[in-house]
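Down below is the structure, laid out as structure tokens.
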Amino acid sequence: MYTRFGDNDIVTRQAQELVTSTWTNNTNNLQVVHTASAQANFSTATSSGQFFIEVYNEATSSTSAEVQYAIAYGHKNGSGSLDFTNDTGSFGIGASKVIYNQYRQLHYNNDTTNFKFGNHTPDDIFVINIDRSRYKQRLTLGSLNLHISGTSVGVTAQQTIHLTDDSVTNGQFADSNLGPVFRIVSGSNGVLSGSVTNQLTVGGEATNYGNFYPQAGLIILNAGAFSGSTLAPTVTSNTAGKNHQRLLNGISESGHFIVDTTEEINSQFYFVRARNNQFNYTNNESFVDSSNNIRFESMKLNPKVFITTVGLYNDAFELMGVAKLSQPVTKDFTKEALIRVKLDY
């Protein structure tokens, strides 16, 4: 027996935002990080470590270890990494140039526009790419609190710089192929420290710390912002500077990386009404015989069954979803049942 839902039997609730931590097991602050020695390998020009290092929540020997994010370094001229070959014309073609061009394409959709932060156009960038399985629809605005340790870093040469997106103070400042872009500044919980967005000067040019791409789970840092500190990249050509490993050490030393993820949950409620004259019989083998006749005479006029499952079907009578009740509901001609089925998507 099938019963079609009426207009008042289906209610759609406006989407609600669910905010959780990005890290595994809903860990708020990723304080301790691990890497895989086999993956963080710099032995050759094409070793995976030259391109990126994956960061785990636990030792990779653990079966519950999961990638949290990857960290990389890019240079527009290929400095700070080994050249792929020493053939004529190949100099400057290395992992750092590949990384820079990759994210330049993702942001600008061309291979000529260079990254610019404030008034400063650095030669290189750091990239923190949150693993796609870790965030849902987007990273939560105002939730980024990233601390990086290193001698003489920050606006006033702190030992540890506190970075956040300035979504609360200033909001979105640009669009990109990766979605809206927010500045990364010194501050906390989306609030700029002080009143000046470009908080530091590099080469006489006012600049900030980078870009935050919430829809792409991406942080691109201005490598020039760390010049003069222990985190300053090595930019010698045809040299494995291991620059992203140096930044990772600064993040690990601070032991403070918080960022949340946001998911919009749409809910639809189905009110399943089993009236007194409906759903009082069953095809269960304990109720009917092989000829589909009721086994017990007393059950013909006074049946008693139990509702345990609700099936949702389309117009072609194809089963689209099943709702299980927490406990059976008794049903007979003297009882009616109203069951609310909630579908989140």
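The values are calculated or read from the model by the stated rules, or taken from the named source; none is laboratory data. Note that the structure is predicted; figures quoted are calculated from it, not measured. Because the Cβ atoms are built from the backbone with ideal geometry, glycine has one as well, and the counts that use them run over all protein chains shown. What goes into the accessible areas is simple: the full protein's heavy atoms, side chains included, and nothing from ligands, DNA or RNA. Shrake-Rupley method; radii C 1.70, N 1.55, O 1.52, S 1.80 Å.
Take the solvent-accessible surface of the protein heavy atoms, probe 1.4 Å, and return the percent of it on the chain that carbon and sulfur atoms account for.
About 46 percent, which is the carbon plus sulfur part of the accessible surface.
For the chain, calculate the relative contact order in percent as a whole number, restricting contacts to Cα pairs under 8 Å that are 6 or more residues apart.
This gives 19 percent for the chain.
What FRET efficiency, computed as 1/(1 + (r/R0)^6) with R0 = 30 Å and r the Cβ-Cβ distance, is obtained for VAL288 and PHE5, rounded to the nearest 0.05?
0.60
Please list, in order, the residues from the range 312-345 whose amide nitrogen is less than 17 Å from a point placed 7 Å along the Cα→Cβ vector of ASN266.
Only 321, 342-345 pass the distance filter.
Can you tell me the order of 163-175, 324-336, 51-63 when each peptide is scored by its average per-residue count of other Cβ atoms within 10 angstrom, highest first?
Going by the mean number of other Cβ atoms within 10 Å, highest first, we get 163-175, 51-63, 324-336.
Classify the range 171-210 from the C-alpha gyration tensor, please: rounded if a/c falls under 1.5, else prolate or oblate depending on whether a/b exceeds b/c.
oblate
Return P(r) of the range 230-345 (all Cα-Cα pairs; 5 Å bins starting at 0; whole %; ordered from short to long distances).
2, 8, 11, 12, 11, 9, 5, 4, 3, 4, 5, 5, 5, 5, 4, 4, 2, 1, 0
Over the range 21-73, consider all pairs of different Cα atoms and compute the Kirkwood hydrodynamic radius from their mean reciprocal separation; express it in Å, one decimal.
11.8 Å
Report, ordered by chain and residue number, the lysines lying within cross-link reach of LYS342, taken as a straight Cα distance under 19 Å and ignoring same-chain residues fewer than 8 apart.
LYS324
Note the direction-averaged projected area, equal to a quarter of the hull surface, for the Cα convex hull of the range 95-139, in nm².
One quarter of the hull surface, i.e. the mean projection, equals 4.2 nm².
Take the chain, compute every pairwise Cα distance, and split them into 20 Å bins from 0; I just need the percent in each bin.
25, 39, 20, 14, 2
Could you give the angle, 0 to 90 degrees to the nearest 10, between helix 243-254's Cα long axis and the longest principal axis of the Cα atoms of the chain?
70 degrees
Where the eigenvalues come from the Cα gyration tensor of the range 94-213, what are the semi-axes √(5λ) of the equivalent ellipsoid, largest first, in whole Å?
22, 19, 15
How many times 2.2 N^0.38 Å is the alpha carbon radius of gyration of the range 1-122?
1.68
Using the Cα atoms of the range 141-292, I'd like the radius of gyration and the largest Cα-Cα distance, Dmax, both in angstrom.
According to the Cα coordinates of the range 141-292, Rg and Dmax are 26.8, 91 Å.
State, in angstrom, two size descriptors of the range 185-255 derived from its alpha carbons: Rg to one decimal place and Dmax to the nearest whole number.
Calculated on Cα positions, Rg and Dmax stand at 13.7, 41 Å.
Give the lysines reachable from LYS97 as a straight Cα distance under 28 Å; neighbours fewer than 8 places away on the same chain don't count.
LYS76, LYS116, LYS242
Just how many % of Cα pairs in the range 217-273 lie over 15 Å apart, if you round to the nearest whole percent?
More than 15 Å apart: 68 percent of the Cα pairs in the range 217-273.
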